[in-house]
Amino acid sequence: MQEFLQQLVNGLSLGAIYALIALGYTMVYGVLRFINFAHSEVFMVGAMTGWAVGRQLPQGTWWGGLVVLGAAMLVCALLGMTIERLVYRPLRGTATLNVLITAIGVSLLLQSVFQHPRVFGATPQLFPPVFPERNFALGGVALSSNQLVVIVVAALLMVGLELVVHRTRLGMAMRAVALNPQAAQLVGVNINAVIALTFALGSALAGAGGVLYALNYPTVEPLMGVMPGLKAFVAAVLGGIGSIPGAALGGLILGTVETFVGGSAWLSTYKDAIAFAVLILILLCRPTGLLGRVAPEKV
Amino acid sequence: MLTVTNLTVGYGAITAVDGVSLAVPAGAIVTLIGGNGAGKTTTLRALSGLLRARGGSATFDGAELTGLAPHEIVARGLGHVPEGRMIFANLTVDENLRMGAYLVRDAAQVAATRERVFGLFPRLRERLRQSAGTLSGGEQQMLAIGRALMGGPKFLMLDEPSLGLAPQLVGAIFEQIVAINRSQGLTILLVEQNARLALEVSSYAYVLESGRIVMAGPSTELRNDPRLKSAYLGG
(Lines give C-alpha, C1' and ligand atoms only; values in the text may rest on other atoms or scores of the structure.)
Protein backbone atom coordinates (compact mmCIF):
# COMPACT_ATOMS: atom_id res chain seq x y z
CA MET A 1 0.00 0.00 0.00
CA GLN A 2 2.79 2.37 0.97
CA GLU A 3 4.63 1.44 -2.18
CA PHE A 4 1.45 2.09 -4.16
CA LEU A 5 0.94 5.55 -2.64
CA GLN A 6 4.57 6.41 -3.21
CA GLN A 7 4.35 5.50 -6.88
CA LEU A 8 1.07 7.38 -7.17
CA VAL A 9 2.65 10.58 -5.86
CA ASN A 10 5.65 10.16 -8.17
CA GLY A 11 3.37 9.40 -11.06
CA LEU A 12 1.11 12.39 -10.47
CA SER A 13 4.02 14.80 -10.33
CA LEU A 14 5.42 13.43 -13.60
CA GLY A 15 1.92 13.41 -15.07
CA ALA A 16 1.36 17.03 -14.09
CA ILE A 17 4.38 17.99 -16.22
CA TYR A 18 3.12 15.94 -19.16
CA ALA A 19 -0.24 17.62 -18.72
CA LEU A 20 1.28 21.11 -18.91
CA ILE A 21 3.09 20.24 -22.14
CA ALA A 22 0.09 18.40 -23.57
CA LEU A 23 -2.07 21.51 -23.13
CA GLY A 24 0.09 23.37 -25.65
CA TYR A 25 -0.28 20.62 -28.25
CA THR A 26 -4.01 20.47 -27.79
CA MET A 27 -4.58 24.26 -27.82
CA VAL A 28 -2.64 24.74 -31.03
CA TYR A 29 -4.40 21.76 -32.58
CA GLY A 30 -7.70 23.31 -31.50
CA VAL A 31 -7.20 26.52 -33.45
CA LEU A 32 -5.01 25.35 -36.35
CA ARG A 33 -5.65 21.59 -36.68
CA PHE A 34 -2.01 20.58 -36.79
CA ILE A 35 0.49 19.13 -34.33
CA ASN A 36 3.20 21.61 -33.44
CA PHE A 37 6.12 19.21 -33.19
CA ALA A 38 8.40 22.10 -32.25
CA HIS A 39 6.53 22.26 -28.94
CA SER A 40 8.97 19.83 -27.27
CA GLU A 41 11.80 22.25 -28.07
CA VAL A 42 9.83 25.11 -26.55
CA PHE A 43 9.75 22.96 -23.41
CA MET A 44 13.53 22.51 -23.71
CA VAL A 45 14.05 26.26 -24.13
CA GLY A 46 11.97 26.76 -20.97
CA ALA A 47 14.32 24.50 -19.01
CA MET A 48 17.35 26.22 -20.57
CA THR A 49 16.01 29.65 -19.66
CA GLY A 50 15.42 28.43 -16.12
CA TRP A 51 18.99 27.11 -16.02
CA ALA A 52 20.47 30.37 -17.34
CA VAL A 53 18.44 32.60 -15.02
CA GLY A 54 18.67 30.28 -12.03
CA ARG A 55 22.47 30.33 -12.06
CA GLN A 56 22.44 34.10 -11.58
CA LEU A 57 20.15 34.00 -8.56
CA PRO A 58 20.72 32.98 -4.95
CA GLN A 59 19.59 29.39 -4.64
CA GLY A 60 16.99 27.80 -2.45
CA THR A 61 14.64 30.79 -2.22
CA TRP A 62 10.95 30.95 -3.05
CA TRP A 63 11.23 34.27 -4.87
CA GLY A 64 14.20 33.01 -6.90
CA GLY A 65 12.26 29.92 -7.93
CA LEU A 66 9.26 31.99 -8.96
CA VAL A 67 11.45 34.42 -10.94
CA VAL A 68 12.97 31.44 -12.78
CA LEU A 69 9.51 30.08 -13.51
CA GLY A 70 8.24 33.46 -14.71
CA ALA A 71 11.28 34.08 -16.90
CA ALA A 72 10.96 30.68 -18.57
CA MET A 73 7.26 31.24 -19.22
CA LEU A 74 7.87 34.70 -20.67
CA VAL A 75 10.73 33.60 -22.93
CA CYS A 76 8.71 30.61 -24.17
CA ALA A 77 5.61 32.73 -24.81
CA LEU A 78 7.72 35.04 -26.99
CA LEU A 79 9.41 32.09 -28.69
CA GLY A 80 6.06 30.45 -29.46
CA MET A 81 4.67 33.67 -30.91
CA THR A 82 7.81 34.20 -32.97
CA ILE A 83 7.68 30.68 -34.42
CA GLU A 84 4.03 31.17 -35.29
CA ARG A 85 4.59 34.56 -36.89
CA LEU A 86 7.69 33.64 -38.90
CA VAL A 87 6.98 30.06 -39.85
CA TYR A 88 3.41 28.88 -39.42
CA ARG A 89 1.49 31.99 -40.44
CA PRO A 90 3.00 32.21 -43.93
CA LEU A 91 2.07 28.54 -44.37
CA ARG A 92 -1.52 28.93 -43.22
CA GLY A 93 -3.94 27.70 -45.84
CA THR A 94 -1.45 25.26 -47.34
CA ALA A 95 -1.72 21.49 -46.88
CA THR A 96 -1.45 20.31 -43.26
CA LEU A 97 1.36 17.96 -44.26
CA ASN A 98 3.55 20.94 -45.26
CA VAL A 99 3.01 22.57 -41.89
CA LEU A 100 3.71 19.31 -40.04
CA ILE A 101 7.00 18.77 -41.83
CA THR A 102 7.93 22.38 -41.20
CA ALA A 103 7.18 21.91 -37.51
CA ILE A 104 9.62 18.99 -37.43
CA GLY A 105 12.11 21.25 -39.19
CA VAL A 106 11.71 23.97 -36.57
CA SER A 107 12.16 21.33 -33.87
CA LEU A 108 15.45 20.08 -35.36
CA LEU A 109 16.62 23.64 -35.94
CA LEU A 110 16.16 24.57 -32.29
CA GLN A 111 17.92 21.38 -31.14
CA SER A 112 20.86 22.10 -33.42
CA VAL A 113 21.12 25.75 -32.44
CA PHE A 114 21.29 24.80 -28.78
CA GLN A 115 23.89 22.11 -29.49
CA HIS A 116 26.23 24.77 -30.80
CA PRO A 117 28.97 25.31 -28.19
CA ARG A 118 28.46 29.08 -28.24
CA VAL A 119 24.80 28.69 -27.34
CA PHE A 120 24.75 25.75 -24.93
CA GLY A 121 26.66 22.76 -26.27
CA ALA A 122 25.88 19.07 -26.18
CA THR A 123 27.08 18.42 -22.61
CA PRO A 124 24.31 18.10 -20.03
CA GLN A 125 24.46 20.68 -17.25
CA LEU A 126 23.17 20.46 -13.72
CA PHE A 127 19.99 22.46 -13.08
CA PRO A 128 20.45 24.72 -10.03
CA PRO A 129 18.25 24.02 -6.98
CA VAL A 130 16.31 27.26 -7.30
CA PHE A 131 13.50 26.41 -4.89
CA PRO A 132 14.07 25.62 -1.19
CA GLU A 133 14.37 21.85 -0.80
CA ARG A 134 12.87 19.81 1.99
CA ASN A 135 11.78 16.23 2.22
CA PHE A 136 8.64 15.18 3.98
CA ALA A 137 7.42 11.79 5.04
CA LEU A 138 3.67 11.40 5.16
CA GLY A 139 2.77 8.02 6.60
CA GLY A 140 5.82 6.44 5.05
CA VAL A 141 5.36 8.17 1.69
CA ALA A 142 8.39 10.28 0.85
CA LEU A 143 7.55 13.59 -0.74
CA SER A 144 10.04 16.22 -1.84
CA SER A 145 9.24 19.90 -1.83
CA ASN A 146 10.05 19.97 -5.55
CA GLN A 147 7.36 17.38 -6.22
CA LEU A 148 4.94 19.54 -4.28
CA VAL A 149 6.01 22.60 -6.28
CA VAL A 150 5.32 20.66 -9.47
CA ILE A 151 1.87 19.57 -8.39
CA VAL A 152 0.84 22.94 -6.97
CA VAL A 153 2.21 25.06 -9.84
CA ALA A 154 0.76 22.73 -12.47
CA ALA A 155 -2.64 22.74 -10.75
CA LEU A 156 -2.67 26.55 -10.48
CA LEU A 157 -1.67 26.98 -14.12
CA MET A 158 -4.35 24.56 -15.28
CA VAL A 159 -7.04 26.26 -13.23
CA GLY A 160 -5.80 29.60 -14.59
CA LEU A 161 -6.02 28.31 -18.15
CA GLU A 162 -9.51 26.99 -17.53
CA LEU A 163 -10.55 30.46 -16.29
CA VAL A 164 -8.99 32.16 -19.29
CA VAL A 165 -10.73 29.82 -21.71
CA HIS A 166 -14.16 29.99 -20.11
CA ARG A 167 -14.33 33.40 -18.47
CA THR A 168 -12.55 35.85 -20.74
CA ARG A 169 -13.12 37.40 -24.15
CA LEU A 170 -9.85 35.86 -25.31
CA GLY A 171 -11.09 32.43 -24.25
CA MET A 172 -14.38 33.02 -26.00
CA ALA A 173 -12.51 33.99 -29.16
CA MET A 174 -10.24 30.95 -28.86
CA ARG A 175 -13.21 28.64 -28.61
CA ALA A 176 -14.90 30.33 -31.56
CA VAL A 177 -11.78 29.94 -33.73
CA ALA A 178 -11.45 26.30 -32.68
CA LEU A 179 -15.09 25.60 -33.58
CA ASN A 180 -15.24 27.45 -36.89
CA PRO A 181 -12.51 29.89 -37.94
CA GLN A 182 -14.61 31.57 -40.64
CA ALA A 183 -17.64 32.07 -38.44
CA ALA A 184 -15.34 33.43 -35.74
CA GLN A 185 -14.04 36.04 -38.17
CA LEU A 186 -17.58 36.96 -39.16
CA VAL A 187 -18.49 37.78 -35.56
CA GLY A 188 -15.44 40.04 -35.42
CA VAL A 189 -12.69 37.85 -33.97
CA ASN A 190 -9.19 38.89 -35.02
CA ILE A 191 -8.01 35.42 -35.95
CA ASN A 192 -4.31 36.29 -36.23
CA ALA A 193 -4.23 37.80 -32.76
CA VAL A 194 -6.09 34.82 -31.28
CA ILE A 195 -3.74 32.31 -32.88
CA ALA A 196 -0.68 34.27 -31.72
CA LEU A 197 -2.02 34.40 -28.15
CA THR A 198 -2.87 30.71 -28.25
CA PHE A 199 0.75 29.99 -29.10
CA ALA A 200 1.87 32.34 -26.33
CA LEU A 201 -0.30 30.61 -23.71
CA GLY A 202 0.56 27.08 -24.79
CA SER A 203 4.27 27.87 -24.99
CA ALA A 204 4.29 29.57 -21.58
CA LEU A 205 2.81 26.39 -20.08
CA ALA A 206 5.51 24.31 -21.80
CA GLY A 207 8.12 26.71 -20.42
CA ALA A 208 6.79 26.19 -16.90
CA GLY A 209 6.79 22.45 -17.62
CA GLY A 210 10.46 22.65 -18.64
CA VAL A 211 11.48 24.28 -15.35
CA LEU A 212 9.37 21.87 -13.28
CA TYR A 213 10.82 18.89 -15.13
CA ALA A 214 14.38 20.13 -14.65
CA LEU A 215 13.76 20.61 -10.93
CA ASN A 216 13.03 16.92 -10.52
CA TYR A 217 15.34 15.43 -13.15
CA PRO A 218 18.04 18.02 -12.62
CA THR A 219 20.03 18.10 -15.84
CA VAL A 220 19.38 20.14 -18.95
CA GLU A 221 20.61 19.47 -22.49
CA PRO A 222 19.40 20.33 -26.00
CA LEU A 223 17.69 16.97 -26.64
CA MET A 224 15.90 16.83 -23.29
CA GLY A 225 12.60 17.87 -24.87
CA VAL A 226 12.29 14.95 -27.26
CA MET A 227 10.97 12.22 -24.94
CA PRO A 228 8.78 14.33 -22.65
CA GLY A 229 7.48 16.14 -25.75
CA LEU A 230 6.51 12.93 -27.50
CA LYS A 231 4.92 11.55 -24.36
CA ALA A 232 2.94 14.74 -23.83
CA PHE A 233 1.77 14.41 -27.42
CA VAL A 234 0.61 10.87 -26.60
CA ALA A 235 -1.11 12.29 -23.52
CA ALA A 236 -2.92 14.88 -25.64
CA VAL A 237 -4.12 12.19 -28.04
CA LEU A 238 -5.09 9.93 -25.12
CA GLY A 239 -7.23 12.69 -23.63
CA GLY A 240 -8.67 13.66 -27.00
CA ILE A 241 -6.68 16.10 -29.12
CA GLY A 242 -8.29 19.53 -29.06
CA SER A 243 -9.80 18.97 -25.60
CA ILE A 244 -8.21 20.99 -22.79
CA PRO A 245 -9.51 18.87 -19.88
CA GLY A 246 -8.58 15.86 -22.01
CA ALA A 247 -4.94 16.96 -22.22
CA ALA A 248 -4.77 17.42 -18.45
CA LEU A 249 -6.35 14.03 -17.81
CA GLY A 250 -4.23 12.30 -20.45
CA GLY A 251 -1.05 13.73 -18.93
CA LEU A 252 -1.92 12.57 -15.43
CA ILE A 253 -2.87 9.08 -16.62
CA LEU A 254 0.22 8.66 -18.75
CA GLY A 255 2.58 9.91 -16.05
CA THR A 256 1.02 7.61 -13.47
CA VAL A 257 1.01 4.53 -15.72
CA GLU A 258 4.59 5.15 -16.76
CA THR A 259 5.73 5.49 -13.15
CA PHE A 260 3.98 2.31 -12.07
CA VAL A 261 5.47 0.39 -14.99
CA GLY A 262 8.90 1.86 -14.27
CA GLY A 263 8.60 0.81 -10.63
CA SER A 264 7.70 -2.80 -11.28
CA ALA A 265 10.59 -5.26 -11.25
CA TRP A 266 10.09 -7.01 -14.57
CA LEU A 267 8.53 -4.29 -16.76
CA SER A 268 10.69 -1.30 -15.91
CA THR A 269 12.82 -1.42 -19.06
CA TYR A 270 9.63 -1.10 -21.12
CA LYS A 271 8.42 2.09 -19.50
CA ASP A 272 8.93 4.23 -22.61
CA ALA A 273 7.46 1.57 -24.87
CA ILE A 274 4.30 1.60 -22.78
CA ALA A 275 3.56 5.23 -23.67
CA PHE A 276 3.68 4.50 -27.36
CA ALA A 277 1.77 1.26 -27.00
CA VAL A 278 -0.91 3.41 -25.36
CA LEU A 279 -0.87 5.69 -28.42
CA ILE A 280 -1.33 2.77 -30.81
CA LEU A 281 -4.11 1.32 -28.68
CA ILE A 282 -6.04 4.60 -28.54
CA LEU A 283 -5.72 5.16 -32.25
CA LEU A 284 -7.05 1.65 -32.83
CA CYS A 285 -9.85 1.61 -30.28
CA ARG A 286 -10.87 5.18 -29.61
CA PRO A 287 -9.31 7.58 -32.10
CA THR A 288 -11.10 10.57 -30.59
CA GLY A 289 -9.43 9.95 -27.20
CA LEU A 290 -11.06 9.85 -23.78
CA LEU A 291 -12.71 13.26 -23.82
CA GLY A 292 -12.50 14.12 -27.50
CA ARG A 293 -15.52 14.17 -29.70
CA VAL A 294 -16.35 14.41 -33.32
CA ALA A 295 -18.07 17.71 -34.02
CA PRO A 296 -21.59 17.12 -35.31
CA GLU A 297 -21.97 18.79 -38.65
CA LYS A 298 -25.26 19.73 -40.15
CA VAL A 299 -25.60 21.32 -43.53
CA MET B 1 -24.14 52.90 -48.70
CA LEU B 2 -22.18 50.09 -50.38
CA THR B 3 -20.60 50.69 -53.77
CA VAL B 4 -18.76 47.90 -55.53
CA THR B 5 -16.73 48.76 -58.63
CA ASN B 6 -15.14 46.22 -60.95
CA LEU B 7 -14.64 43.66 -58.19
CA THR B 8 -12.58 40.68 -59.36
CA VAL B 9 -12.00 37.59 -57.23
CA GLY B 10 -10.47 34.25 -58.12
CA TYR B 11 -9.19 30.96 -56.81
CA GLY B 12 -5.91 29.88 -58.39
CA ALA B 13 -6.32 30.03 -62.15
CA ILE B 14 -10.09 30.45 -61.94
CA THR B 15 -11.71 33.86 -61.97
CA ALA B 16 -14.95 33.41 -60.07
CA VAL B 17 -16.05 37.04 -59.99
CA ASP B 18 -15.07 39.08 -63.01
CA GLY B 19 -15.51 42.85 -62.76
CA VAL B 20 -18.72 43.04 -60.75
CA SER B 21 -20.11 46.50 -60.05
CA LEU B 22 -23.16 47.12 -57.93
CA ALA B 23 -24.62 49.64 -55.52
CA VAL B 24 -26.77 49.21 -52.44
CA PRO B 25 -28.42 52.44 -51.23
CA ALA B 26 -29.04 52.93 -47.50
CA GLY B 27 -32.28 51.40 -46.26
CA ALA B 28 -32.86 49.22 -49.33
CA ILE B 29 -33.06 45.49 -49.92
CA VAL B 30 -31.02 44.71 -52.99
CA THR B 31 -30.72 41.19 -54.32
CA LEU B 32 -28.06 39.38 -56.25
CA ILE B 33 -29.55 36.39 -58.06
CA GLY B 34 -28.06 33.73 -60.28
CA GLY B 35 -27.55 30.01 -60.63
CA ASN B 36 -25.13 27.68 -58.93
CA GLY B 37 -21.51 28.75 -59.36
CA ALA B 38 -22.39 32.17 -60.76
CA GLY B 39 -20.11 33.83 -58.19
CA LYS B 40 -22.71 35.10 -55.71
CA THR B 41 -21.13 33.59 -52.60
CA THR B 42 -17.65 34.57 -53.78
CA THR B 43 -18.80 38.18 -54.10
CA LEU B 44 -20.11 38.24 -50.52
CA ARG B 45 -17.02 36.50 -49.15
CA ALA B 46 -14.81 39.10 -50.82
CA LEU B 47 -16.94 41.92 -49.38
CA SER B 48 -16.62 40.57 -45.83
CA GLY B 49 -12.88 40.00 -46.22
CA LEU B 50 -12.91 36.20 -46.08
CA LEU B 51 -11.48 36.24 -49.61
CA ARG B 52 -9.01 38.74 -50.97
CA ALA B 53 -10.11 40.63 -54.07
CA ARG B 54 -7.75 40.57 -57.03
CA GLY B 55 -8.93 43.87 -58.31
CA GLY B 56 -11.59 46.53 -58.10
CA SER B 57 -12.90 48.30 -55.07
CA ALA B 58 -15.71 48.21 -52.54
CA THR B 59 -16.54 51.25 -50.47
CA PHE B 60 -18.81 51.23 -47.47
CA ASP B 61 -19.99 54.63 -46.22
CA GLY B 62 -17.21 56.08 -48.35
CA ALA B 63 -14.39 53.98 -46.85
CA GLU B 64 -12.51 51.33 -48.80
CA LEU B 65 -13.13 47.74 -47.68
CA THR B 66 -10.76 45.72 -49.87
CA GLY B 67 -7.57 44.88 -48.01
CA LEU B 68 -9.24 44.98 -44.59
CA ALA B 69 -9.36 41.88 -42.37
CA PRO B 70 -12.80 40.35 -41.71
CA HIS B 71 -12.91 41.54 -38.10
CA GLU B 72 -12.24 45.11 -39.19
CA ILE B 73 -15.06 44.92 -41.71
CA VAL B 74 -17.47 43.54 -39.09
CA ALA B 75 -16.43 46.37 -36.77
CA ARG B 76 -17.51 48.89 -39.44
CA GLY B 77 -21.03 47.51 -39.35
CA LEU B 78 -21.13 44.94 -42.13
CA GLY B 79 -22.82 41.74 -40.99
CA HIS B 80 -22.59 38.54 -43.02
CA VAL B 81 -24.86 35.52 -42.64
CA PRO B 82 -22.77 32.99 -44.55
CA GLU B 83 -23.81 30.20 -46.85
CA GLY B 84 -24.40 27.03 -44.84
CA ARG B 85 -25.11 29.21 -41.77
CA MET B 86 -21.86 28.30 -39.99
CA ILE B 87 -23.33 28.37 -36.52
CA PHE B 88 -21.16 27.13 -33.65
CA ALA B 89 -22.71 23.66 -33.48
CA ASN B 90 -21.17 22.62 -30.15
CA LEU B 91 -22.25 25.78 -28.34
CA THR B 92 -25.72 26.50 -27.05
CA VAL B 93 -28.06 28.93 -28.77
CA ASP B 94 -27.35 31.38 -25.96
CA GLU B 95 -23.57 31.09 -26.42
CA ASN B 96 -23.94 31.53 -30.18
CA LEU B 97 -25.83 34.77 -29.64
CA ARG B 98 -23.26 36.00 -27.14
CA MET B 99 -20.52 35.15 -29.62
CA GLY B 100 -22.37 37.29 -32.17
CA ALA B 101 -22.00 40.26 -29.83
CA TYR B 102 -18.26 39.66 -29.51
CA LEU B 103 -17.38 43.22 -30.56
CA VAL B 104 -20.16 44.92 -28.58
CA ARG B 105 -18.81 46.02 -25.20
CA ASP B 106 -21.98 47.67 -23.91
CA ALA B 107 -23.96 45.09 -21.91
CA ALA B 108 -27.18 47.11 -22.06
CA GLN B 109 -26.98 47.26 -25.83
CA VAL B 110 -26.38 43.49 -26.01
CA ALA B 111 -29.42 42.85 -23.83
CA ALA B 112 -31.61 45.15 -25.94
CA THR B 113 -30.48 43.56 -29.22
CA ARG B 114 -31.14 40.12 -27.75
CA GLU B 115 -34.73 41.09 -27.01
CA ARG B 116 -35.16 42.37 -30.56
CA VAL B 117 -33.79 39.08 -31.92
CA PHE B 118 -36.21 37.13 -29.73
CA GLY B 119 -39.00 39.40 -31.00
CA LEU B 120 -38.15 38.36 -34.56
CA PHE B 121 -37.48 34.70 -33.77
CA PRO B 122 -39.33 33.60 -30.60
CA ARG B 123 -38.17 30.03 -31.25
CA LEU B 124 -34.63 31.01 -30.30
CA ARG B 125 -35.75 32.01 -26.81
CA GLU B 126 -37.40 28.61 -26.36
CA ARG B 127 -34.23 26.81 -27.42
CA LEU B 128 -31.77 29.01 -25.53
CA ARG B 129 -30.04 26.22 -23.57
CA GLN B 130 -30.05 23.75 -26.43
CA SER B 131 -26.90 22.89 -28.34
CA ALA B 132 -27.10 24.71 -31.67
CA GLY B 133 -26.16 21.59 -33.63
CA THR B 134 -29.42 19.93 -32.56
CA LEU B 135 -31.63 22.69 -34.02
CA SER B 136 -33.65 22.11 -37.18
CA GLY B 137 -32.41 23.69 -40.41
CA GLY B 138 -34.88 26.56 -40.15
CA GLU B 139 -33.98 27.26 -36.54
CA GLN B 140 -30.30 27.21 -37.44
CA GLN B 141 -30.99 29.82 -40.11
CA MET B 142 -32.82 31.95 -37.55
CA LEU B 143 -29.86 31.58 -35.22
CA ALA B 144 -27.40 32.53 -37.96
CA ILE B 145 -29.39 35.70 -38.68
CA GLY B 146 -29.81 36.39 -34.97
CA ARG B 147 -26.11 35.97 -34.35
CA ALA B 148 -25.29 38.46 -37.12
CA LEU B 149 -27.83 40.94 -35.70
CA MET B 150 -26.23 40.68 -32.25
CA GLY B 151 -23.20 42.49 -33.61
CA GLY B 152 -25.42 45.53 -34.28
CA PRO B 153 -24.69 45.83 -38.00
CA LYS B 154 -25.78 48.71 -40.22
CA PHE B 155 -25.72 46.50 -43.27
CA LEU B 156 -26.50 42.82 -43.54
CA MET B 157 -25.43 40.39 -46.25
CA LEU B 158 -27.51 37.22 -46.41
CA ASP B 159 -26.26 34.24 -48.39
CA GLU B 160 -29.05 31.92 -49.52
CA PRO B 161 -31.23 32.01 -46.42
CA SER B 162 -33.75 29.75 -48.18
CA LEU B 163 -31.29 26.94 -48.89
CA GLY B 164 -32.53 23.53 -47.79
CA LEU B 165 -35.59 24.81 -45.95
CA ALA B 166 -39.21 23.67 -46.23
CA PRO B 167 -41.34 26.15 -48.24
CA GLN B 168 -43.42 27.40 -45.32
CA LEU B 169 -40.25 28.05 -43.30
CA VAL B 170 -38.74 29.96 -46.22
CA GLY B 171 -41.79 32.24 -46.17
CA ALA B 172 -41.42 32.84 -42.42
CA ILE B 173 -37.72 33.63 -42.68
CA PHE B 174 -38.27 36.04 -45.56
CA GLU B 175 -41.04 37.82 -43.65
CA GLN B 176 -38.57 38.43 -40.83
CA ILE B 177 -35.91 39.63 -43.27
CA VAL B 178 -38.34 42.23 -44.57
CA ALA B 179 -39.28 43.11 -40.99
CA ILE B 180 -35.63 43.65 -40.06
CA ASN B 181 -35.29 46.00 -43.00
CA ARG B 182 -38.55 47.91 -42.33
CA SER B 183 -38.49 48.24 -38.57
CA GLN B 184 -34.79 48.64 -37.96
CA GLY B 185 -33.83 50.37 -41.16
CA LEU B 186 -31.14 47.79 -41.80
CA THR B 187 -29.79 47.79 -45.35
CA ILE B 188 -29.71 44.32 -46.87
CA LEU B 189 -27.86 42.64 -49.69
CA LEU B 190 -29.60 39.34 -50.34
CA VAL B 191 -28.04 36.56 -52.36
CA GLU B 192 -30.55 33.98 -53.56
CA GLN B 193 -31.10 31.15 -55.98
CA ASN B 194 -34.82 31.44 -55.40
CA ALA B 195 -35.19 34.37 -57.80
CA ARG B 196 -38.97 34.66 -57.53
CA LEU B 197 -38.86 35.19 -53.79
CA ALA B 198 -35.83 37.47 -53.93
CA LEU B 199 -37.49 39.73 -56.50
CA GLU B 200 -40.62 39.93 -54.36
CA VAL B 201 -38.87 41.33 -51.29
CA SER B 202 -36.20 43.49 -52.95
CA SER B 203 -36.38 46.89 -54.61
CA TYR B 204 -33.47 46.42 -56.99
CA ALA B 205 -31.82 43.32 -58.42
CA TYR B 206 -28.65 42.23 -60.16
CA VAL B 207 -28.36 38.99 -62.10
CA LEU B 208 -25.00 37.26 -61.98
CA GLU B 209 -23.89 34.71 -64.56
CA SER B 210 -20.40 33.17 -64.75
CA GLY B 211 -18.97 35.91 -62.56
CA ARG B 212 -20.43 38.85 -64.48
CA ILE B 213 -23.49 41.03 -64.00
CA VAL B 214 -25.66 40.30 -67.02
CA MET B 215 -28.80 42.20 -66.05
CA ALA B 216 -29.79 44.80 -63.49
CA GLY B 217 -32.88 46.84 -62.73
CA PRO B 218 -35.75 47.51 -60.35
CA SER B 219 -37.12 44.20 -59.09
CA THR B 220 -40.63 44.95 -60.34
CA GLU B 221 -39.29 45.28 -63.88
CA LEU B 222 -37.08 42.21 -63.73
CA ARG B 223 -40.02 40.13 -62.52
CA ASN B 224 -41.66 40.64 -65.91
CA ASP B 225 -38.55 40.44 -68.02
CA PRO B 226 -39.00 37.61 -70.53
CA ARG B 227 -35.33 36.58 -70.51
CA LEU B 228 -35.28 36.31 -66.74
CA LYS B 229 -38.60 34.48 -66.75
CA SER B 230 -37.33 31.69 -68.95
CA ALA B 231 -33.98 31.33 -67.20
CA TYR B 232 -34.78 31.75 -63.52
CA LEU B 233 -38.48 31.95 -62.91
CA GLY B 234 -39.53 28.75 -64.63
CA GLY B 235 -41.25 30.31 -67.64
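The values are calculated or read from the model by the stated rules, or taken from the named source; none is laboratory data. Quick caveat, the model's predicted, so the values are computed rather than measured. Cβ placement follows ideal geometry from the backbone for every residue including glycine, while neighbour counts extend to all protein chains displayed. When the accessible area is computed, the model is the full protein with side chains, heavy atoms only, and any ligands, DNA or RNA have been set aside. Shrake-Rupley method; radii C 1.70, N 1.55, O 1.52, S 1.80 Å.
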Helix axis angle, A:62-83 relative to chain A longest principal axis, alpha carbon, degrees: 30 degrees
Antiparallel bridges, percent of DSSP beta bridges restricted to the protein assembly as shown (to nearest 5): 60 percent
GNM result for chain A, Cα springs below 10 Å: residue of A:Gly225, A:Gly60, A:Gly242 fluctuating most strongly: A:Gly60
Two-site label geometry, A:Leu163 and A:Arg89: point separation in nm, points 7 Å out along Cα→Cβ: 2.9 nm
Highest-MSF residue in chain B out of B:Val17, B:Val201, B:Val191 [GNM, Cα springs under 10 Å]: B:Val201
Label-point gap, in nm, between B:Thr220 and A:Leu281 - each point 7 angstrom along Cα→Cβ: 7.5 nm
Efficiency of FRET from Cβ geometry, B:Gln109 and A:Ala137, R₀ 56 Å, rounded to 0.05: 0.40
Ratio Rg/Rh, restricted to the range A:12-225 and using Cα atoms, in which Rh is the Kirkwood radius: 1.01
Share of carbon and sulfur in the accessible heavy-atom surface of the protein assembly as shown [1.4 Å probe, %]: 61 percent
Sequence of A:Met73, A:Met48 when ordered by accessible area, the most exposed leading, probe 1.4 angstrom: A:Met73, A:Met48
Top of A:Phe43, A:Phe34, A:Phe127 by mean-square fluctuation, Gaussian network on chain A, Cα under 10 Å: A:Phe34
Fraction in percent of alpha-carbon pairs per bin - 5 Å, chain B: 1, 7, 15, 19, 20, 17, 12, 7, 3, 0, 0
Length released on extending from B:Ala23 to B:Thr5, taking residue separation times 0.36 nm less the Cα-Cα span: 5.6 nm
Residue mean of other protein chain beta carbons inside 10 Å, B:141-153: 1
Farthest positive-ward along the protein assembly as shown dipole, Cα basis, beta-carbon charges - from A:Leu109, B:Val170, A:Gln185: B:Val170
Projected-area mean, the protein assembly as shown, by convex hull of Cα positions, square nanometres: 29.1 nm²
A:Ala265 paired with B:Ser210, simple spin-label distance in nm, labels 7 Å along Cα-to-beta-carbon: 8.3 nm
DSSP-defined beta bridges in chain B - what % are antiparallel, rounded to 5: 55 percent
Positions from the range A:177-212 whose accessible area shrinks by 50 Å² or more when the full protein complex is built, not the chain alone, probe 1.4 Å: A:Leu179, A:Gln182, A:Gln185, A:Leu186, A:Val187, A:Gly188
